[in-house]
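The structure under discussion appears below in the form of structure tokens.
The values are calculated or read from the model by the stated rules, or taken from the named source; none is laboratory data. What you see is a predicted model; the values in this text were computed from it and never measured. All Cβ positions, glycine included, derive from the backbone under ideal geometry; neighbour counts span all protein chains shown. To get the accessible areas, we keep the full protein, side chains included, count just its heavy atoms, and leave off ligands, DNA and RNA. Shrake-Rupley method; radii C 1.70, N 1.55, O 1.52, S 1.80 Å.
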Amino acid sequence: MMEIKICVGTTCHLLGSSSLVEAINELPEEIKTKITLKYSTCFDKCQQEMVPPVVNIDGEFFDDLNPAKMKQLIIEKAGEDH
Amino acid sequence: MSERSFVFNEVMKKRRQTLIELAKMIDNGNLQEELPKLPKKIIPDSSEQVYLEREILSQKLKIYLGLDYDKTRDIELYEIAQDVEEFVSVDSEYKAYGKFIQVIKEACDRCPSGRYYVTDLCRNCLAHSCHSVCPKKAIEIRNNRAYIDSEKCIGCGLCANACQYYSIVKLERPCETACPVDAISRDDTFAADISEERCVSCGICSTACPFGAIESTSDFFPVIRSLNGTDKTIAIIAPSIVSQFGPRTTVGQIKNAIMECGFDECLEVAIAADYVAEKEARLVNEESHCVLTSCCPAFVDYVRKFQKPYESQISSVPSPMAVMGNDLKIIEDDTRIVFIGPCFAKRKEAWENKSVDYVMTFEELGALFIAKGIEPTKLDDAEIGGTPEGWGFAFSGGVTEALEAVDQVNGTVLRMNGLVEASTLFKRVETEPIKLIEGMACRGGCIAGPGITVDPRIAKQKIKKMKS
């Protein structure tokens with residue numbers, strides 16, 4: 001299972017984290033069934049090193065995401081697991 | 001009843017990034033040095049039309065500073081930065097007095113409108129019904145497809161109706177199509193132009209424009225200044241604030257975050273909405289004529305401008321914002337009251353009735369949180385006042401629900417979900433005995449206003465939950 005945590009803290013929310021959920025809805029069924037999706041409060045990453053919105057996938061952080069980038073990222077990650 | 005669709009897009013993202021940086025500068029008092037650098041910071045060198053985009057952003061910054069676009073268009077950003085106090089001062093000649101929605105002509109793409117256009121779907125069929133039906137013989141066949149000669153075309157649309165492949169479309173300007181009161185026309189350069197006589201400041205055009213060419217005059221500067229000054233500053237928050245700052249943030253946390261920003265007090269307008277519901281429910285049943293609700297300023301402006309005979313039937317109970325603002329003004333002298341909501345038209349209401357000093361959008365409040373490094377989800381939950389019905393003023397149908405919770409309305413109620421429905425509903429008032437019109441300019445109510453940060457459908461669910 002791939003665990004995705006989308007930050008819904010104020011900064012990420014204002015800069016588009018809610019739209020990232022759409023990216024997951026658009027994924028093919030076989031990938032979707034392998035994902036657990038959670039909302040997270042602020043990861044404390046956006047004030048310095050990372051550009052919001054920030055997402056954590058299996059413990060690793062990714063930033064500056066939009067739905068297209070997010071989709072691509074998950075598909076790549078799902079491929080690595082096989 | 002449906003809410004307007006809401007998609008987070010690049011125009012919004014750029015605006016929010018800009019507002020965050022602007023808030024930091026105003027807060028730190030270094031606008032003079034930093035403001036001219038902002039377009040370069042927000043628009044990267046790799047941008048496709050980097051100079052144009054930076055020029056557009058410079059113009060937008062003037063509007064975010066509360067200035068009049070027409071009067072400051074030719075003034076460079078660094079010139080404004082040098083004398084920013086002068087430019088934004090109370091009696092400055094450059095401020096946008098009474099102008100709440102402004103078009104940035106550099107950003108307007110001058111998209112075509114009213115013209116018919118043949119798309120790739122044309123199969124150059126044998127029937128050529130489009131050609132046969134055209135009364136002006138404006139359609140010929142060129143490059144294996146129908147072609148409309150725009151010189152001859154009178155825009156009747158018969159060809160579009162005749163085509164079996166739906167290959168002919170009418171090109172429309174999103175702002176013009178979205179404007180419910182036909183306030184948008186074209187200036188002599190074909191850019192969008194807003195008629196101040198018709199405009200009701202609803203801001204629907206601003207959310208519709210895909211180029212971000214329409215912005216609302218902001219009070220960001222004086223609000224942040226007031227927070228850092230000696231004056232007492234009170235925030236009053238609109239009911240639609242529920243759910244605005246993400247699924248994990250409670251209204252109590254938002255209240256505490258507002259206090260962290262430096263406000264001396266934060267009060268829920270829902271409390272005033274309860275008072276309004278109480279008074280208005282009685283008024284509706286006492287009056288013999290149809291009563292029009294007064295809470296939506298764009299609706300009130302619409303009635304004054306387009307339904308003059310009904311103006312006297314607007315509820316004599318002021319809007320919840322005005323009730324609360326006026327009350328606070330009696331108790332507290334020398335305070336600044338800031339209404340925080342989803343609305344552009346409230347800016348106009350505040351300017352007219354002086355019930356509050358400034359109006360700020362949820363988007364602007366969010367930018368202020370980020371600029372000050374405040375994360376609401378990390379704060380304690382403060383207590384909130386107001387009944388679920390008072391909070392329900394935020395969505396279309398909610399005002400009626402609140403009134404009916406006080407006293408059953410004896411007669412027909414019309415819920416106007418968006419100004420587009422207005423003329424149809426007023427026609428019904430002419431012929432039917434209508435007791436109440438709940439007027440909401442935005443489709444979905446305040447939760448669908450131009451200054452929101454969350455999908456109206458999500459906001460509505462969350463407010464409805466308060467009732468259970």
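Once the dipole of the protein assembly as shown is set up with Lys and Arg at +1 and Asp and Glu at -1 on Cβ about the Cα centre, which of B:Leu61, A:Gly16, B:Tyr78 lies farthest towards its positive end?
A:Gly16
Would you please give the FRET efficiency between B:Glu10 and B:Asp407, computed as 1/(1 + (r/R0)^6) with r the Cβ-Cβ distance and R0 = 35 Å, to the nearest 0.05?
With a Förster radius of 35 Å, E is 0.15.
Enter the mean number of other protein chain beta carbons within 10 Å of the beta carbon of each residue in B:16-27, as an integer.
Per-residue shielding by partner chains comes out at 1.
Take every residue in peptide A:40-53, count the Cβ atoms of other chains within 10 Å of its Cβ, and give the average of those counts.
On the way: counts 2, 7, 6, 0, 2, 0, 2, 3, 0, 0, 0, 1, 2, 2.
Shielding by partners across A:40-53 averages 2.
Antiparallel DSSP bridges in the protein assembly as shown: what percent, to the nearest 5?
Here the antiparallel bridges make up roughly 40 percent for the protein assembly as shown.
On full extension of the chain, what length is gained from B:Asn30 through B:Ser92, given 0.36 nm per residue of separation minus the C-alpha to C-alpha distance?
Contour length minus the Cα-Cα distance gives 20.3 nm.
Checking buried surface per residue: for region B:441-460, which residues lose a minimum of 20 Å² accessible area in the protein assembly relative to the chain alone (1.4 Å probe)?
B:Thr453
Which of A:Lys45/B:Lys255; B:Lys71/B:Lys105; B:Lys105/B:Lys372 have a Cα-Cα distance over 21 Å?
The pairs that break the limit, which is 21 Å between Cα atoms, are A:Lys45/B:Lys255; B:Lys105/B:Lys372.
Suppose all protein chains stay in the model; what accessible area per residue would a 1.4 Å probe give for the protein assembly as shown, in Å²?
45 Å²
For B:Leu292, list long-range residues whose amide hydrogen, built 1.01 Å from N in the peptide plane, is under 5 Å from its own amide hydrogen.
Answer set, sorted by chain and number: B:Ile314, B:Ser315, B:Ile437.
Taking every DSSP beta bridge with both residues inside chain B, roughly what % is antiparallel (nearest 5)?
If we restrict to bridges inside chain B, about 40 percent are antiparallel.
Relative to the present Cα-Cα distance, how much length would full extension add between B:Ile141 and B:Ser2 at 0.36 nm per residue of separation?
Gain on stretching B:Ile141 to B:Ser2: 45.8 nm.
Which cysteines in chain A lack any other cysteine whose Cβ sits under 4.7 Å from their own Cβ?
Flagged as lacking a Cys partner: A:Cys42, A:Cys46.
What's the center-to-center distance, using Cα atoms, between region A:49-82 and region B:1-37 in Å?
Distance between centres, Cα-based: 25 Å.
Suppose a student asked you for the relative contact order of chain B, using Cα pairs under 8 Å spaced at least 6 residues apart; what percent would you report?
18 percent
Given the peptides B:137-145, B:357-365, A:64-72, arrange them by the average over their residues of other C-beta atoms within 10 Å, most packed first. Write down the numbers at each step before the final one.
Details: B:137-145: 13.2, B:357-365: 24.6, A:64-72: 16.8.
Packing order, densest peptide first, comes out as B:357-365, A:64-72, B:137-145.
Run the simple label-point estimate for A:Ile35 and B:Glu265 please: 7 Å along Cα→C-beta, distance reported in nm.
Each label point is offset 7 Å from its Cα along the Cβ direction, giving 4.7 nm.
Using amide H atoms built 1.01 Å from N in the peptide plane, name the residues 5+ places from B:Asp381, or on other chains, whose amide H lies under 5 Å from its own.
none
Per-residue counts of other Cβ atoms within 10 Å, averaged by peptide: what ranking do you get for B:161-172, B:205-216, highest first?
B:205-216, B:161-172
Run the dipole for region B:125-195 about the Cα centre, Lys and Arg Cβ at +1, Asp and Glu Cβ at -1, nothing else charged, and hand back the magnitude in debye, nearest 20.
460 debye
Round to a whole number: what % of the accessible area of the protein assembly as shown belongs to carbon and sulfur, probe 1.4 Å?
Roughly 48 percent, rounded to a whole number.
For a quick protection proxy, order the peptides B:107-113, A:9-15 by their average other-Cβ count within 10 Å, most packed first.
A:9-15, B:107-113
Run the paramagnetic zone check for A:Asp64: 7 angstrom along Cα to Cβ, then residues of region B:47-80 with backbone nitrogen under 20 Å.
B:47-51, B:53-54
Given R₀ = 30 Å, what would the calculated FRET efficiency be for B:Phe190 paired with B:Lys427, taking r from the Cβ atoms and rounding to 0.05?
0.30
Any residues in region B:366-409 that have 30 Å² or more less accessible area with all protein chains than in their chain alone, probe 1.4 Å, and which are they?
Hits at the 30 Å² cut-off: B:Ile370, B:Glu375, B:Thr377, B:Lys378.
Summed for both chains, how many Å² of accessible area, to the nearest 100, are buried between B and A with a 1.4 Å probe?
1700 Å²
Need one word for chain B: rounded, prolate or oblate. Basis is the Cα gyration tensor (sqrt eigenvalues a ≥ b ≥ c); a/c below 1.5 gives rounded, then a/b vs b/c decides.
oblate
Counting only protein heavy atoms, probe 1.4 Å: which residues of region B:220-246 lose 10 Å² or more of accessible surface in the full assembly compared with their chain by itself?
B:Phe245, B:Gly246
In debye to the nearest 20, how big a dipole does region B:347-429 give about its Cα centre with +1 on each Lys and Arg Cβ and -1 on each Asp and Glu Cβ?
Here the size comes out at about 480 debye.
Quick check: Cα centre of region B:364-429 to Cα centre of region B:116-160, how many Å?
About 48 Å separates the Cα centre of region B:364-429 from the one of region B:116-160.
Under the rule of at least 5 residues apart or a separate chain, name every residue whose amide H is placed under 5 Å from the amide H of A:Met2.
A:Ile35, A:Thr36
Residues of region B:419-441 with amide nitrogen under 12 Å from the 7 Å Cα-to-Cβ point of B:Glu311?
Answer for this model: none.
Taking B:Lys152 as the anchor, which lysines have their alpha carbon closer than 20 Å to its alpha carbon, excluding any fewer than eight residues away along the same chain?
Filter leaves B:Lys136, B:Lys137, B:Lys170.
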